[in-house]
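K.L.:
Take a look at the following structure, please.
The values are calculated or read from the model by the stated rules, or taken from the named source; none is laboratory data. Since the structure is predicted, the reported quantities are computational estimates derived from the model, not experimental observations. In this analysis, Cβ positions are derived from the backbone assuming ideal geometry, glycine residues included, and neighbour counts consider all displayed protein chains. In case anyone asks, the SASA skips ligands and DNA or RNA and just uses the protein heavy atoms, side chains included. Shrake-Rupley method; radii C 1.70, N 1.55, O 1.52, S 1.80 Å.
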Amino acid sequence: MNILLKTIKVVAVATAIIVSPVLKAGNGVNIEHLGVNNTIVRLTSEGKYLLLPVQESNDDAIINVIVDGELDRKIHVRLAKSKVDYTVPLDIERYKGHNVVLNIVTTQDRSSVRDAKEDACWNRFEVTDSFDTSNREKFRPAYHHTPLYGWMNDPNGMFYKDGIWHLYYQWNPFGSKWQNLAWGHSSSEDLVNWTHHPAAIEPNGLGMVFSGSSAIDSTGSAGFGKGAVVAMYTSADVSQIQSLASSIDGGETFTVYPGNPVLTLDSEARDPNMFWDKDKNRWVLVLAHALEHEMLIFTSPDMKEWTLESSFGKGLGAQDGVWECPDLFELSVDGLDKTKWVLLCNLNPGGPFGGSATQYFTGDFDGRKFTADTDAEGNVPTKWLDYGKDHYATVSFSDAPDGRRTVIGWMSNWQYAPEVPTTQFRSANTLPREIGLFTDSKGEIHASSTPSPEVDALRDKLVKSVGRTNIGKKGRTYELPELCEIDFEIDPLKGRSIDIVFSNAAGEEVTMIYDPAESTLSFDRRRSGITDFSQDFAAVTTAPTFNDGGRLALRIFIDRSSIEVFESHGRFAMTNLVFPNSPYNRLSINSDGGNARISDLKIYSIKSNR
């Protein structure tokens, strides 16, 4: 009897040891530690957001959001272990009136539950009705589109309807690294001032929401109603499959098609881009066959049943990395009474200066097959839409007005996008651009890229205007406002090279060199400011000027962390990120080897949107 009683006492003591205490952390939550890698967070009050504490350098934790005992969603968050870098909001207003539990699984090693309890995150969970999105970053662009917070990569699903430009983008609202991809959404009446909206399409059981396109179904062929906005995107999990969603409120909210997926392959394919072929009364779809370095072309009467018509690209153009984010459209050739089709093909890696970039092909399309133009030797040339390191995933707005082909790109590079010196947000979009076609001196057709006309509205004041001015080795220097547009023309005359230098008092500088003999313009950012976050960032990029060494007219846009350079007629563009410790406040122009001339120099200050 005594032995039995002693045994019972031992069991009771052992049971007491493993009972998990309930800890209060912050406002509106209780926390229960179940083991070294598993914790339960219970919501004990209602609000709009649950703030999740993030540490950039930590590994992802898996947060299973359980609502009334059922799994509602699964997200990956770098929950803070040793310090909290910032917080991100989980929308919990949608769960009002329901029981919400977060079942959290972490991956980092711990020796005991006691160690797990010491993680910095547990004291910073908080239910709140507000989340501060005011800018706290010195490098957040002042006039380029960025997400309010979180990670952004490819623009996608863009369209124009009823006077509004809709921009969707790959978005992770739970950190500034790639993960949890949804379609973020912003809209604009003028392409320069953007209104942010809640996520338009979120991950579901088929996976994350990768890139795709949207189109207005004016005939109602897809069965969602005439005038519905239909999005086609890649659902990405173990495999990549193509899905549909539709909107009847102009793109504010989307309903996911219950019959998804609508297109599957036994190999990796993504980023569907579709448009209506009015001549054949059917939809055309271009799909990136990523690892095969080709684009697949399908047709469909209703967006749901697709027929493979042809493929394009094997062995052509830049073949490194993977092919992604296609776009196919028809344009008039400037000065000629004919049109050509343009196939955009983004790839990573394999860009001309390393990492990701946008190549393109010109040619003909008969509704089923795309045939690329060849050069004088009968080869299909490799052409680049932008000659910087930070221009990728470029696609166009569907249904743009007045026959315009307006595009926006992702202003970063996969070589270092997760490492740039920002945390509140990651990545911006390029300025909106208009794509056209021109012929060079050899008769080859190229794509032009000019700032959209709406960009002119960014100008604030004309702070400097200079007529014709000769420059020599000593050169000329002009003061710059922090945010500016600079327009001028260079006549090289006898100059062997013309140096264009942006600098600050700290000695940081960007040097652009126009070489008339080679007909090139280079961009050197090796001393531009902060560059040590990646060995691939400090670099020189070079663009052909297509002017046979003659006069060169430039439009240059400087924001807090980017410089975009355009030949004034769009014959080339060059986009590069920069991270100066203080803004560039001087422009110096000099000529080596003989005098040159600059004319019509205008420096405009630019209005800040934030």
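K.L.:
Name the pairs whose Cβ atoms lie under 6 Å apart, with the first residue in the stretch 147-158 and farther than 19 Å from ASP390 by Cα, the second β-branched (Val, Ile, Thr), and 6 or more positions between them or separate chains?
P.N.:
LEU148/THR133; TYR149/THR133
K.L.:
Looking at the stretch 161-206, what strands (runs of 3 or more DSSP E) fall wholly within it and have at least 2 residues that are open to solvent by 20 Å² or more (accessible area, probe 1.4 Å)?
P.N.:
164-172, 195-201
K.L.:
Being in contact with an Asp or Glu (Cβ under 9 Å, 6 or more places away or on another chain), touching a residue at least 40 places away in the same chain (Cβ under 8 Å) and not polar (S, T, N, Q) is the filter here; which residues of the stretch 298-312 pass it?
P.N.:
Within the stretch 298-312, MET303, PHE312 meet the criteria.
K.L.:
May I ask you to list pairs of residues, at least six apart or on different chains, whose Cβ atoms are under 8 Å apart, with the first in the stretch 168-179 being touching a residue at least 60 places away in the same chain (Cβ under 8 Å) and within 18 Å of ARG73 (Cβ to Cβ) and the second being assigned to a loop (DSSP other than H, G, I, E, B) and open to solvent by 10 Å² or more (accessible area, probe 1.4 Å)?
P.N.:
PRO173/TYR149; PRO173/ASN180; PHE174/ASN180; GLY175/GLU56; GLY175/ARG78; GLN179/ASP60
K.L.:
Please specify each residue of the stretch 548-572 satisfying the condition of being over 25 Å from ASN609 (Cβ atoms) and surrounded by 21 or more Cβ atoms within 10 Å (Cβ to Cβ).
P.N.:
Selection gives LEU552, GLU567, ARG571, PHE572.
K.L.:
Kindly list, by first and then second residue, each pair from a residue in the stretch 220-244 that is open to solvent by less than 10 Å² (accessible area, probe 1.4 Å) to a residue that is charged (D, E, K, R) and in a loop (DSSP other than H, G, I, E, B), limited to pairs with Cβ atoms under 8 Å and residues at least 6 apart or on different chains.
P.N.:
ALA222/ASP302; ALA222/LYS304; LEU244/LYS304
K.L.:
What about THR362, is it among the β-branched types (Val, Ile, Thr) and buried (at least 23 other Cβ atoms within 10 Å of the Cβ)?
P.N.:
No: the conditions fail for THR362.
K.L.:
Can you go through PRO155, PRO141, PRO147 and tell me which one is within 30 Å of ALA245 (Cα to Cα), open to solvent by less than 40 Å² (accessible area, probe 1.4 Å) and in a loop (DSSP other than H, G, I, E, B)?
P.N.:
Going through PRO155, PRO141, PRO147 in turn, the sole match is PRO147.
K.L.:
Which residues, taken from the stretch 320-379, are over 19 Å from LEU437 (Cα atoms) and hydrophobic (A, V, I, L, M, F, W, C)?
P.N.:
If the condition is that a residue be over 19 Å from LEU437 (Cα atoms) and hydrophobic (A, V, I, L, M, F, W, C), then VAL322, TRP323, CYS325, LEU347, PHE353, ALA357 are the ones that fit.
K.L.:
Please find, within the stretch 291-349, the residue that is farthest from SER267 (Cα to Cα) out of those that are open to solvent by less than 20 Å² (accessible area, probe 1.4 Å) and of a type in the set (Phe, Trp, Tyr).
P.N.:
PHE329
K.L.:
I'd like the full set of residues that are under 30 Å from TYR604 (Cβ atoms) and in contact with a Leu (Cβ under 8 Å, 6 or more places away or on another chain), limited to the stretch 140-179.
P.N.:
Correct list: ALA142, TYR143, HIS144, HIS145, PRO155, MET158, TRP165.
K.L.:
Moving on. Inside the stretch 344-431, counting only strands (runs of 3 or more DSSP E) that do not spill past its ends, which hold 1 or more residues that are under 20 Å from the mean Cα position of the chain (by Cα) and either at pLDDT below 95 or under 21 Å from VAL565 (Cα atoms) (or both)?
P.N.:
357-365, 392-396, 406-410
K.L.:
Which members of the stretch 506-527 meet the condition of being in contact with a strand residue (DSSP E or B) (Cβ under 6 Å, 6 or more places away or on another chain), open to solvent by less than 40 Å² (accessible area, probe 1.4 Å) and among the acidic types (Asp, Glu)?
P.N.:
Across the stretch 506-527, the qualifying residue is only ASP524.
K.L.:
Which pairs have Cβ atoms under 7 Å, sit 6 or more apart or on different chains, and link a residue in the stretch 499-520 that is at positive phi and without any contact (Cβ under 8 Å) to a residue 12 or more places away in the chain to one that is crowded, with 18+ Cβ neighbours inside 10 Å and among the polar types (S, T, N, Q)?
P.N.:
Listed pairs, sorted by first residue: none to list.
K.L.:
Scan the stretch 432-459 for residues that are in contact with a Ser or Thr (Cβ under 8 Å, 6 or more places away or on another chain) and outside any strand (DSSP E or B) and jot them down.
P.N.:
PRO432, SER452
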